[in-house]
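The values are calculated or read from the model by the stated rules, or taken from the named source; none is laboratory data. Small disclaimer: the values here were computed from a predicted structure and weren't measured. Heads up, the Cβs are rebuilt from the backbone with ideal geometry, glycines too, and the neighbour counts pull from every protein chain shown. To get the accessible areas, we keep the full protein, side chains included, count just its heavy atoms, and leave off ligands, DNA and RNA. Shrake-Rupley method; radii C 1.70, N 1.55, O 1.52, S 1.80 Å.
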Amino acid sequence: MANAGCGSLATILFLFFFQAALHKGAAQYPVVSQNLVTDNVSVVEGETAIISCRVKNNDDSVIQLLNPNRQTIYFKDLRPLKDARFQLVNFSDNELRVSLSNVSLSDEGRYVCQLYTDPPQEAYADITVLIPPGNPIIEARDEVLSEGNETEMTCIAMSSKPAATIRWMKGDKELPGKPKVELTYDKMYTVTSRLTLTVNKEDDGVPVICIVDHPAVKDFQAQKYLEVQYKPEVKIVVEFPQGLTREGENLELTCQAKGKPQPQRVNWVKVDDDVPSHAVITGGDLYIENLNKSYNGTYRCVASNTVGESFDDYILYVYDPAPSTEPAAHDSRAGEGAPRTVDHAVIGGVVAVVVFAMLCLLIVLGRYFARHKGTYFTHEAKGADDAADADTAIINAEGGHTNSDEKKEYYI
């Protein structure tokens, strides 16, 4: 044990006198040289940092690594500093590489790579320790909101280094917040962001997300779902009839109401008049039998909850009883008469039949006249002009016209 202790002491004394001799023989002011290079390091607290001192052209000069207090961590491949977190990773004529495990905030600072030449050359590696924020905390001023109300939400990212940034998202839309950064006594940063927004019924169930951006963490977020109450949405659906509402028929309407909270009351009224006495109202359904024109008017479904009241209207117009040919369907909400429509297809068919008949008649007449064209005899051809008297003319007409010239006329 004594020999081991003496050996360690001898090594330290050797290094001490060796460094003193080097300082004595070298210039007092080291210079920054491009021949000696190193890199800045950013490391998350608790992880491992690697410091590398590299020499481009080495003439057998000694390389050493100093901490921010200029205490020697490694002299060549020897470690005078009694901090076991520093370990030699690589040593050669051109590189001294050292690891520092379990990094803490106290390890932050400027480390010196030094090459013993005349004058000494130095390069500096700044170690920056990153401390991630704690889990983000999101708070809301109001747990339950009514549509149209304004609310405020707060997101806090505590104890980080450097300061975090906070973004807000509502669904897939980014919203602007108002950040505030505070530096605490232990050189940590606490960031608070406030978001003010006005909600509507479409925001019910939509998440509001607080996203914290920091070099030490990714996808760090917290979210809160909005709960928005809104007045009912009311819609009247015609169950029967599907077409026109005519005298003697029945009418069935259904009132659909949706809100948050769900409407507890649904009422049917007739605007500026009373609902027919024999109308049957069951919940949101209205049923009227044997319609007549005295029932014409506007029927209103009213639904309400703790937020407010809404309604929808149905305009009833009762038409005459259905004729033999049913006219085209017309929504009774229009409240106007439905004129009888003319069936253009029937008219077109009749016109086509008439045209076809006329064409057939023309063809038949044409063929008839073509078959009967030829010769015929007039009185001039029968010899009546050559007779001395009427009797002779008759005899000539009955007996032929042998002695007379035949005259012909053609009909085309």
Count - residues of the range 67-84 that are within 11 Å of Leu115 (Cα to Cα) and either assigned to a strand (DSSP E or B) or hydrophobic (A, V, I, L, M, F, W, C) (or both) = 1
ask   = When the range 85-103 is examined, which residues are found to be at pLDDT 95 or above and either of a type in the set (Ser, Thr, Tyr) or assigned to a loop (DSSP other than H, G, I, E, B) (or both)?
value = Arg85, Ser99, Ser101, Asn102, Val103
task = Could you check how many residues of the range 44-66 are in a strand (DSSP E or B) and closer than 18 Å to Asn90 by Cα?
result = 11
key: Pick from the range 31-56, criterion of a type outside the set (Val, Ile, Thr) and open to solvent by 70 Å² or more (accessible area, probe 1.4 Å), ranking: farthest from the chain's Cα centre (by Cα)   = Lys56
message = So if I check each of Tyr74, Tyr111, Tyr29, which one is in contact with a Pro (Cβ under 7 Å, 6 or more places away or on another chain), aromatic (Phe, Trp, Tyr) and at pLDDT 95 or above?
response = Tyr111
task = Being of a type outside the set (Phe, Trp, Tyr), open to solvent by 40 Å² or more (accessible area, probe 1.4 Å) and assigned to a strand (DSSP E or B) is the filter; apply it to the range 299-311 and report the residue that is farthest from Val228 (Cα to Cα).
result = Arg300
query = Here are some residues: Leu100, Leu96, Leu105. Which one is in contact with a Leu (Cβ under 7 Å, 6 or more places away or on another chain) and of a type in the set (A, V, I, L, M)?
reply = Leu96
remark   = Output for Cβ contacts, cut-off 9 Å, separation at least six or different chains, first residue under 18 Å from Glu227 (Cα atoms) in the range 168-186, second part of a loop (DSSP other than H, G, I, E, B) and open to solvent by less than 100 Å² (accessible area, probe 1.4 Å), reads Trp168/Gly177; Lys170/Val206; Lys170/Leu226; Gly171/Val206
ask   = Just wondering, is there one or more residues in the range 64-71 that are of a type in the set (A, V, I, L, M, F, W, C), farther than 30 Å from Ala216 by Cα and surrounded by 16 or more Cβ atoms within 10 Å (Cβ to Cβ)?
value = no
key: Residues of the range 95-131 that turn out to be touching a strand residue (DSSP E or B) at 6+ places or on another chain (Cβ under 9 Å) and open to solvent by 70 Å² or more (accessible area, probe 1.4 Å), as a count   = 4
query = For the subset of the range 271-287 comprising residues that are open to solvent by 20 Å² or more (accessible area, probe 1.4 Å) and in a strand (DSSP E or B), which member is nearest to Ile315 (Cα to Cα)?
reply = Asp273
